[in-house]
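Notes follow the structure.
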Amino acid sequence: MRKIQLSILCVILLACNPSKNASKPPKEITSNDNVNSTTNDNTDYYEENFLRYEDHIYKENVKTVKLFQKDFPMTYPLLFMRDNGQLTLSFDVMGKKFETYNYSFVHCDANWEPSILIQPEYMSGFANGFVEDYKFSFNTTQPYINYQLNFPTNDFKFIKSGNYLLKVYSNGNEEDLLLTKQFYVVDNKVEVVANVKAATLARYRDFKHEVDFSILHPDYTINDPFQELNVVIRQNFRWDNAITGLKPLYMKGGELDYNYEDKNLFWAGNEFRNFDIKDLRYQSMNVGSIAYEEDNKYHVYLFPENSRAHIRYLTQQDLNGQFLVKRDDSRDSFNEADYANVHFNLKMEQPLANGDLYVFGRLTNWEFNEEFKMQYDYENKAYTASPYLKQGYYNYIYAFLPDGEKEGDLFTVEGSHFETQNEYYIFVYHRPMGTVYDQLISVSFN
């Protein structure tokens, strides 16, 4: 068991083994309609102006969207009440045309549906504003403008915990969406003690992780935990395989025990693959060649790779699917890092049946993104993809999405080993009897 400590008040971090301009108001979709699935049957979901209560980019010229704790770009978007912390949103708009962008916030319940609270009830101050921090790209072959937003500010604060959606849109027109991002405001009132280990059940022991945990609340009242609590477990901040709906097995004093053997299991997967394009002048980690081609773009060709489904586990340090925007020898990588088409090549004798293969990780927002969908090359017997990526250091993995499913399968290509090290995030929501919104009373990293 390894431990990674973050200097964030009241949060435990342990690293361990085990979805154009619109001429009508945007329609909405919520998590109960499978917001994190690319297999939704509602055709309206695929309309470009369809408001999604999830991480989503609505315009093709928007790239490298990331929301993180200020000054810590490898973190996820968690704010802690009474901590005076900020989040930073960073995104690029390709081209040289400057536009004015606005932002607003929506408070959501534990299922990522809009709560019934009105804005003055969950925020103090003036909450709608402009994205005023921007820089034109400097010394790059591909022109873009990098926009950044730090929040909350002295003008507004979040006064209720829970799930929030950040909306960014053009020229004050909320119908003209640019992007949406989820984030969390946490009011730590209980303690979560977790233990992640190889599965107890013998048939899963070599392949799955078991996430056991207890909620300690000696000084906090939870009258009916079976009705009032909502617990969510996410592996490496993925949504597609999140576990929800767990109820405590038993209660004793101020402790709620969730020590299951079957309902809290995750495929362990494998360590993430990686590549380094911090410098496009020479080949670095897992890069076979780099060329500046006739389309006036850099093209990075990764070394051909193979399936790891039937090979033994090999220890490898990784970032659990993260990526870092970085250009070597630059003062500010956010506006000095260039873009390139990165060519992935996965050797496979036959195409996989009844589903599609994707490059997967935080670089895809943990979504099965069309840009990262791989195509099978029959002549070369390989799956290929060439997404447009900003310079930096990347983790990724190959995920198979069966037809009609929303959960990605890592086992088919990557294998699964109990020794794999992942991060598990446990969210505890509380809606006491007689109240109207879900408080987020703890987030633990395990």
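The values are calculated or read from the model by the stated rules, or taken from the named source; none is laboratory data. All values derive from a computational prediction rather than experimental measurement. Glycine gets a Cβ as well: all are built from the backbone with ideal geometry, and neighbour counts include every protein chain shown. The accessibility values were calculated without ligands, DNA or RNA, using every heavy atom of the protein model including side chains. Shrake-Rupley method; radii C 1.70, N 1.55, O 1.52, S 1.80 Å.
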Residue within the stretch 229-243 that is more than 16 Å from Phe445 (Cα to Cα), surrounded by fewer than 18 Cβ atoms within 10 Å (Cβ to Cβ) and of a type outside the set (A, V, I, L, M, F, W, C) present: no
Residue check, Phe272 open to solvent by less than 20 Å² (accessible area, probe 1.4 Å) and in contact with a Gly (Cβ under 8 Å, 6 or more places away or on another chain): yes
Hits in the stretch 320-329 (condition: at pLDDT 95 or above and either open to solvent by 70 Å² or more (accessible area, probe 1.4 Å) or not aromatic (Phe, Trp, Tyr) (or both)): Asn320, Gly321, Gln322, Leu324, Val325, Lys326, Arg327, Asp328
Boolean, Gln317 is in a loop (DSSP other than H, G, I, E, B), open to solvent by 20 Å² or more (accessible area, probe 1.4 Å) and either farther than 19 Å from Thr420 by Cβ or at pLDDT 95 or above (or both): no
Leading residue by the ranking (farthest from Tyr393 (Cα to Cα)) among those in the stretch 276-292 that are in contact with a Ser or Thr (Cβ under 8 Å, 6 or more places away or on another chain) and not acidic (Asp, Glu): Tyr292
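Conditions (1) surrounded by 15 or more Cβ atoms within 10 Å (Cβ to Cβ); (2) closer than 30 Å to Tyr260 by Cβ, marked per residue:
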{"site": "Phe151", "(1), (2)": "yes, no"}
{"site": "Ser161", "(1), (2)": "yes, yes"}
{"site": "Asp176", "(1), (2)": "yes, no"}
{"site": "Leu179", "(1), (2)": "yes, no"}
{"site": "Tyr184", "(1), (2)": "yes, yes"}
{"site": "Asp187", "(1), (2)": "yes, yes"}
{"site": "Val192", "(1), (2)": "yes, yes"}
{"site": "Asn195", "(1), (2)": "yes, yes"}
{"site": "Arg203", "(1), (2)": "no, yes"}
Leading residue by the ranking (nearest to the chain's Cα centre (by Cα)) among those in the stretch 416-435 that are open to solvent by less than 10 Å² (accessible area, probe 1.4 Å) and within 18 Å of Arg312 (Cα to Cα): Asn422
Number of the condition not met by Asn171 [criteria: (1) surrounded by 14 or more Cβ atoms within 10 Å (Cβ to Cβ); (2) within 30 Å of Tyr388 (Cβ to Cβ)]: (1)
Asn335 being part of a helix (DSSP H, G or I) and open to solvent by 10 Å² or more (accessible area, probe 1.4 Å): yes
Filter pass, Asn36 being modelled with pLDDT under 95 and either part of a loop (DSSP other than H, G, I, E, B) or open to solvent by less than 50 Å² (accessible area, probe 1.4 Å) (or both): yes
Residue match in the stretch 261-272 (condition: farther than 28 Å from His217 by Cα, in contact with a strand residue (DSSP E or B) (Cβ under 7 Å, 6 or more places away or on another chain), outside any loop (DSSP other than H, G, I, E, B) and not basic (Lys, Arg)): yes
Residue in the stretch 308-323 that is touching a Lys or Arg at 6+ places or on another chain (Cβ under 7 Å) and more than 30 Å from Phe213 (Cα to Cα) present: no
Residues of the stretch 76-105 that turn out to be part of a strand (DSSP E or B) and open to solvent by 30 Å² or more (accessible area, probe 1.4 Å), as a count: 1
Hits in the stretch 405-415 - residues which are among the acidic types (Asp, Glu) and under 15 Å from Tyr313 (Cα atoms): Glu414
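Residues checked against (1) open to solvent by less than 50 Å² (accessible area, probe 1.4 Å); (2) in a helix (DSSP H, G or I); (3) farther than 26 Å from Ala110 by Cβ:
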site: Phe344; (1), (2), (3): yes, no, yes
site: Pro351; (1), (2), (3): yes, no, yes
site: Phe368; (1), (2), (3): yes, no, no
site: Glu371; (1), (2), (3): no, yes, yes
site: Tyr393; (1), (2), (3): yes, no, yes
site: Tyr437; (1), (2), (3): yes, no, no
Strands (runs of 3 or more DSSP E) completely within the stretch 107-173 that count 1 or more residues being of a type in the set (Val, Ile, Thr) and over 30 Å from Ile233 (Cβ atoms): 144-151
Condition broken by Tyr282, with the remaining ones in (1) modelled with pLDDT of 95 or more; (2) open to solvent by 80 Å² or more (accessible area, probe 1.4 Å); (3) among the hydroxyl-bearing types (Ser, Thr, Tyr) satisfied: (1)
Test: residue in the stretch 199-215 that is closer than 21 Å to Val443 by Cβ and of a type in the set (Asp, Glu): yes
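In the stretch 388-396, is there at least one residue being of a type in the set (D, E, K, R) and within 21 Å of the chain's Cα centre (by Cα)?
Among the residues of the stretch 388-396, at least one is of a type in the set (D, E, K, R) and within 21 Å of the chain's Cα centre (by Cα), which makes the answer yes.
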Pairs where the first residue, in the stretch 105-129, is farther than 15 Å from Arg431 by Cβ and the second is among the small types (Gly, Ala, Ser) and open to solvent by less than 50 Å² (accessible area, probe 1.4 Å), C-beta under 8 Å, 6+ apart: Phe105/Ala127; Gln119/Ala127; Ala127/Ser104; Asn128/Ser104
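Test of understanding: among Glu379, Glu294, Glu336, Glu370, which residue is among the acidic types (Asp, Glu) and over 30 Å from Phe136 (Cβ atoms)?
Criteria check complete, one pass: Glu379.
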